[in-house]
Each structure stands twice: as structure tokens, then as C-alpha cells.
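Some notes on the structure that comes next.
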Amino acid sequence: MLYNRYLKNKKECPFCSLKKEEIIRKNNSAFLILAQAPYTKDHLLAIPKRHVTKLNKLTKKEKEDVEKLIYYGIKRLHKKYDDASMIYREGRKEKIGKSIDHMHYHLIPKIRITTEKNIRNRKMLSDKEYLRKTKDFKKRFK
Ligand SMILES: [Zn+2]
């Protein structure tokens with residue numbers, strides 16, 4: 001499934017309905033998960049637990065907790081990759097569909113972004129494949 005189609009059909013916020021087995025690491029107010037529509041292999045997302053649309057709406061504690069998972073995630077990626085990038089995303093309505101309005105950070109190893117069109121049309125993993133990759137990531141990045 002393409003990410004664009006997934007977003008069109010999704011009614012509820014995917015980050016507010018995460019299953020336990022999808023979570024790589026968590027603390028009091030944030031989660032670290034694998035991206036289900038990855039730009040690259042081992043693409044991670046750091047997400048506040050609370051549905052927050054913009055960075056400035058986070059509490060001080062939430063900012064600290066999200067930041068801890070960003071550092072944790074980048075450190076894990078550095079075990080296997082010599083570079084990583086981070087992209088901050090917040091929700092916005094867009095002409096070609098909606099984005100997820102629950103703010104989040106992408107932690108991405110070895111990325112070379114080509115065009116916005118390529119990112120939007122990236123392949124969506126099936127739930128089964130996604131959970132298998134999450135399990136595999138946890139094992140490889142202990
Ligand atoms: Zn949400």
C-alpha cells in the first residue's frame with residue numbers, strides 16, 4: 001500500500017493508537033518506533049505520547065522525554081551506520097492529502113532525499129512485515 005492511500009483512509013491518529021509490540025523504547029511521555037512507511041531501512045520516529053500538534057505545545061517534561069529518545073535512537077543507529085539525519089514534522093493540511101498532525105521526529109540513517117513526490121509515494125509495509133521488522137530491529141540494536 002502507498003503511504004498516500006494509507007493517510008487518506010486513516011481516520012484516527014496512528015501515533016495515538018500504537019500497539020505495545022510496535023514500541024522500540026518508551027519513557028513517561030514519549031515513544032520510539034520504527035517508521036511503518038520508511039524512507040530507508042531502520043528509519044525511526046520519536047513521538048510524544050500525548051497528541052500534540054506543535055513543538056511549542058509540549059511541556060518541559062515532554063520535551064526532555066522526546067529528546068532522550070532522539071538521543072537514544074541516534075546512538076543506536078550509529079552502531080550500524082556512519083551517519084544519521086533528523087527531520088521534525090508537524091501536522092498540516094496539504095493539497096494532495098493530509099499529513100499526520102501528531103508532531104514527530106524522523107531519525108533516518110543514510111538518507112538522500114530526492115523529491116517530495118518520491119517521499120509521498122514510498123511503499124507502506126504490511127502490519128505483519130512492520131511488526132517483523134520491529135522485532136528484528138529490537139534484536140539487532142540491543
Ligand atoms: Zn495522535
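Values in this text are rule-based calculations from the coordinates and carry no lab data. Because the structure is a prediction, the values reported are computed rather than measured. We place every Cβ from the backbone using ideal geometry, glycine too, and count neighbours over all the protein chains shown.
What is the chain by shape, rounded, prolate or oblate, if you read a ≥ b ≥ c off the alpha carbon gyration tensor as root eigenvalues and call it rounded for a/c under 1.5, prolate for a/b larger than b/c, and oblate otherwise? Rounded.
Take the Cα of Lys63, step 7 Å toward its Cβ, do the same at Lys128, and the gap between the two points is 4.5 nm.
Based on the Cβ-Cβ distance from Leu55 to Tyr6, what FRET efficiency comes out when R0 is 30 Å, to the nearest 0.05?
Plugging the Cβ-Cβ distance into 1/(1 + (r/R0)^6) gives 0.75.
In summary, the lysines within cross-link reach of Lys68, defined as a Cα separation below 20 angstrom excluding same-chain residues under 8 places away, comprise Lys20, Lys26, Lys49, Lys54, Lys57, Lys60, Lys79, Lys80, Lys138, Lys142.
Straight-distance candidates among the aspartates and glutamates for linking to Lys11, with alpha-carbon spacing under 18 Å and chain neighbours fewer than 8 residues away dropped: Glu90, Glu94, Asp101, Asp127. Take the Cβ atoms of Glu22 and Asp82, set R0 to 25 Å, and the FRET efficiency comes out at 0.35.
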